[in-house]
1. Can you compute the FRET efficiency between L226 and V56 using 1/(1 + (r/R0)^6), with r the Cβ-Cβ distance and R0 = 51 Å? Round to the nearest 0.05.
2. Which ordering of H247, H50 is given by a fewest-first count of other beta-carbon atoms within 10 Å?
3. Packing-wise, with mean Cβ within 10 Å as the measure, how do 152-161, 291-300, 229-238, 87-96 rank, highest first?
4. Considering all projection directions equally, how large on average is the shadow of the alpha-carbon convex hull of the chain, in square nanometres?
5. At 222 nm, what helix-only mean residue ellipticity would the chain give, in deg cm²/dmol to the nearest 500, using -39500 (n - 2.57) for each DSSP H run of four or more?
6. Rounded if a/c is under 1.5, else prolate if a/b is larger than b/c, else oblate: which is segment 40-98, with a ≥ b ≥ c the root eigenvalues of its Cα gyration tensor?
7. How far, in degrees from 0 to 90, does helix 3-16 lean away from the longest principal axis of the Cα atoms of the chain, to the nearest 10?
8. Given the alpha-carbon gyration tensor of segment 277-319, what are the semi-axes of its equivalent ellipsoid in whole angstrom, ordered largest first, with each equal to the square root of 5 times an eigenvalue?
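Every number here is computed from the coordinates shown, using simple stated rules; none is lab data. All figures in this text were calculated on a predicted structure; none of them were measured in a lab. Here the Cβ positions follow ideal geometry from the backbone for every residue, glycine too, while neighbour counts run over all protein chains shown.
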Amino acid sequence: MSINSRGTEQLASRADNRGFSASNSPGSVRPSVRELRDRAVLIARAAAAHIASRRVELGSDGVLASSETKSSAVDPVTVVDRESEELIRSLIKTFSSSDRILGEEGGLDDGASSPAQAANEGEAVTWIVDPIDGTVNFLYDLPNCAVSIACAVGDEVVAGAVANVSSGEIYSAAKGEGAQVSRRDGTVQTLSCSPTAELEKTLVATGFSYSASLRQVQGRIASQLLGECRDIRRMGSAALDLCMVAHGRVDAYYEHDIKIWDYAAGALIAAEAGARIRVPEFTQCANVTGRPEGDPLDFGVGAANSEVADAFFEALDGAVAQARN
Ligand code: LIP
C-alpha cells in the first residue's frame with residue numbers, strides 16, 4: 001500500500017472519529033461563515049498534525065528523497081504536500097460532497113466546474129487549499145510552514161484558517177467576525193494590526209518568485225523599499241506573512257507571483273484584523289493556475305495596517321514602477 005493512501009486513509013478514519021462526521025446532507029441549510037471557519041480550523045489542525053508526524057517519520061533525508069520539482073528547479077513538492085492535500089480533500093468531503101475544491105497540488109476536484117464559473121453561478125462553495133505553504137522551509141526543516149485553507153461562497157472568500165505546523169498556532173477568520181489565533185495551550189487571542197504609522201518605522205514582510213529572472217526584478221523592488229522602510233523580513237510563507245500582519249508582528253506585506261491558495265485565507269485574516277488588503281480579482285485567480293494572466297508585477301498581493309497603508313502602497317507602487325525600467 002502506498003504511503004499516500006496508508007497515511008491518508010489512517011488519518012481520514014481517525015479524523016472521522018474526531019467530529020468530522022458529515023453534516024451537510026442534501027438539501028441541508030448552508031452553513032454560516034462561522035461554521036465554515038470552524039471547519040477550516042479543524043481540517044487545518046488535522047493536516048498540520050499529519051505534516052509534523054510525517055516529517056519525524058521520514059526525516060530530512062526521506063523528505064528530500066520524496067521531493068520533485070514543478071515550475072522550476074527550485075519549486076519543490078514532496079510526498080507530504082500530496083498526502084496533506086489528499087487528507088484535506090477527504091475531510092472537506094465528509095462535511096459536504098458537493099463543495100468544490102481548488103488545491104495547489106490536485107487542481108480542481110473531479111467534475112467541478114471552474115470556481116470562476118461557479119462564482120458567476122452565485123452561491124457555490126469553493127475550498128482553496130495550500131497543503132503546505134512554505135514548502136522550501138519544510139524541505140529544509142525550517143520552522144515557518146503552514147496549512148492554508150480558505151472557503152469562498154460565490155466569488156467572495158468568507159472563511160479561512162492558517163495552521164503553523166511547528167508553533168501550533170492556528171490563525172482563523174470569518175467574514176465580519178474578526179480574526180483570532182488559537183494556541184496549543186488552548187488560549188485564543190483576538191488579532192489586530194500594529195499601530196505603526198511612519199513608513200520609515202515599517203517592518204515589511206515579502207517573498208520572491210520561483211523564477212530567477214523575476215527574482216532579479218523583485219530584488220530591485222526590495223532594494224528601493226529598504227531605503228524607505230525600517231527593514232524587510234523574508235520568512236518563506238505568504239500565508240503566515242499575512243497572519244503576521246494580522247498579529248501586528250510585521251506592519252506590512254507584499255509579494256508578486258504568488259497563487260490564490262498561498263494568500264486567500266491569510267488575506268481574509270489580515271483584513272478581519274483591520275489591515276488594508278490588495279489582492280487580484282477572485283474570478284481571475286480561481287483556476288488551476290491560481291493567478292491572473294499576464295505580467296506578475298501587475299497583480300501583486302499586499303497588506304498593511306490602516307495607519308501606514310497609504311504611504312506603504314504609494315512607496316510599493318513607486319518601487320515597482322522604478323524596477324520595471
Ligand atoms: C510559497 C509562498 C511564499 C513565496 C514562495 C512560495 P509554496 O508558496 O508562500 O510566499 O515567496 O516562493 O510561492 O510554494 O511554498 O506553497
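1. For L226 and V56, the calculated efficiency is 0.85.
2. Fewest-to-most Cβ neighbours within 10 Å comes out as H247, H50.
3. Values: 152-161: 23.4, 291-300: 14.7, 229-238: 19.3, 87-96: 21.4.
For the peptides 152-161, 291-300, 229-238, 87-96, the packing ranking is 152-161, 87-96, 229-238, 291-300.
4. The number I arrive at for the chain is 16.1 nm².
5. After summing the helix terms and dividing by the residues of the chain, the value is -13500 deg cm²/dmol.
6. Working: a/c = 3.05, a/b = 1.63, b/c = 1.88.
Oblate is the answer for segment 40-98, as a/c is 1.5 or above yet b/c matches or exceeds a/b.
7. The answer is roughly 80 degrees.
8. Its equivalent ellipsoid spans semi-axes of 24, 12, 6 Å.
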